[in-house]
1. With the condition kept exactly as written, say whether any residue in the stretch 10-33 is assigned to a loop (DSSP other than H, G, I, E, B), at pLDDT below 90 and either buried (at least 17 other Cβ atoms within 10 Å of the Cβ) or in contact with a Ser or Thr (Cβ under 9 Å, 6 or more places away or on another chain) (or both).
2. From the list E202, E192, exactly one residue is surrounded by 17 or more Cβ atoms within 10 Å (Cβ to Cβ), over 15 Å from the mean Cα position of the chain (by Cα) and among the charged types (D, E, K, R). Which is it?
3. Scan the stretch 185-215 residue by residue and report those that are among the aromatic types (F, W, Y), at pLDDT below 80 and assigned to a helix (DSSP H, G or I).
4. Please go through the stretch 255-313 and pick out each residue that is among the aliphatic types (A, V, I, L, M), farther than 23 Å from S145 by Cα and under 19 Å from the mean Cα position of the chain (by Cα).
5. What number of residues within the stretch 270-280 satisfy the criterion of being in contact (Cβ under 8 Å) with a residue 40 or more places away in the chain and either part of a helix (DSSP H, G or I) or loosely packed, with under 15 Cβ neighbours inside 10 Å (or both)?
6. Can you name the condition, by its number, that G101 falls short on among (1) at pLDDT 80 or above; (2) surrounded by 19 or more Cβ atoms within 10 Å (Cβ to Cβ); (3) not aromatic (F, W, Y)?
7. Hey, among F261, F299, which residue is surrounded by 11 or more Cβ atoms within 10 Å (Cβ to Cβ) and of a type in the set (F, W, Y)?
8. Among the residues of the stretch 227-255 satisfying the criterion of being surrounded by fewer than 20 Cβ atoms within 10 Å (Cβ to Cβ) and of a type in the set (S, T, Y), which is modelled with the highest pLDDT?
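The values are calculated or read from the model by the stated rules, or taken from the named source; none is laboratory data. Note that the structure is predicted; figures quoted are calculated from it, not measured. Heads up, the Cβs are rebuilt from the backbone with ideal geometry, glycines too, and the neighbour counts pull from every protein chain shown.
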Amino acid sequence: MYLLTFLFLIFMVLISVGYFTLLERKVLSYMQYRKGPNKVGYIGLMQPFSDGFKLFLKEYFFPNNCNFFLFFFSPLFGLFHSIFLWIVFPFVNNLLTFNYGLLFFLCSLSLGIYFIIIMGWSSNSVYSLLGSIRGISQSISYEVSLSVILLCYFILIDGYDFFSMMCFQNGNWFFFFSFPLMFCWFSCCLAENNRSPFDFSEGESELVSGFNVEYSSMMFSFIFISEYCSIIFMSMITCLIFMGADFFYYLFFIKIVFFCFLYLWVRSSFPRYRYDKLMYLSWKCYLPLSLNYLFFFIFLKSLIVYHKNLLSY
């Protein structure tokens, strides 16, 4: 039963990735006063399957000087990594519902940068290597602020389980008393997933599509699927932390779609940052803000524990 539940979850995530690409193309087209894909199926609902068949049936070739083994298998490992993160989804009959979901999430999230650097290095291309190096430095910089923001709330709830978020936010969402921290978290999620305006690893204007420039056909689709799967996962984590973790109701999944829409809204509204400003924003703006909030939450938790001890006496 546990295995069937997890396989069903993976199947639903992959279907969501396909229709998330359709949502992205529709949102971007309507923001540019266009119609978007509307020919394949009713109002374009079969367009994700058409794009998938086209990508998987295209001819695949290898660069002459590439490291074949790493070049071929790193997109597959990247896809498995992005799907593997969904183990922390607090489902009732999940494969693993453990008490240290936060630590597992942070450890697994930090592994994602290895696939980017391996794909860039094994391609034996200057543009791929430069894009992977930029993506690595960006991900490492924003993972620090991301981890500190996560620790704030898990110190407050006194646990490392995502399931306990639902019980703690039953009366009040964290969004209402940590409004600036939520936008700081969302910006770090944009940078972590290499999305606009922080898409420096895929800077097509100067790097010819970045670290994935040598990939085509099936391997490019694996990179594509893993990126959008990570976006949906980070939207789910955002809803768990800030918007109430009531995952028994449809409203929770509507909030996930809303945060996915925010990714597209930001992409269509903001130009790409300059790289030095990106690093300045991480180390001199987001990190001091998140550290100050961490000290505030530690002080708040100590007050709660102190009053509980007074009441017990």
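1. Within the stretch 10-33, one or more residues are assigned to a loop (DSSP other than H, G, I, E, B), at pLDDT below 90 and either buried (at least 17 other Cβ atoms within 10 Å of the Cβ) or in contact with a Ser or Thr (Cβ under 9 Å, 6 or more places away or on another chain) (or both).
2. E202
3. Listed by number, the list holds a single entry, F211.
4. Selection gives V257 alone.
5. So the count comes out to 5.
6. (1)
7. Criteria check complete, one pass: F261.
8. Selected residue: Y250.
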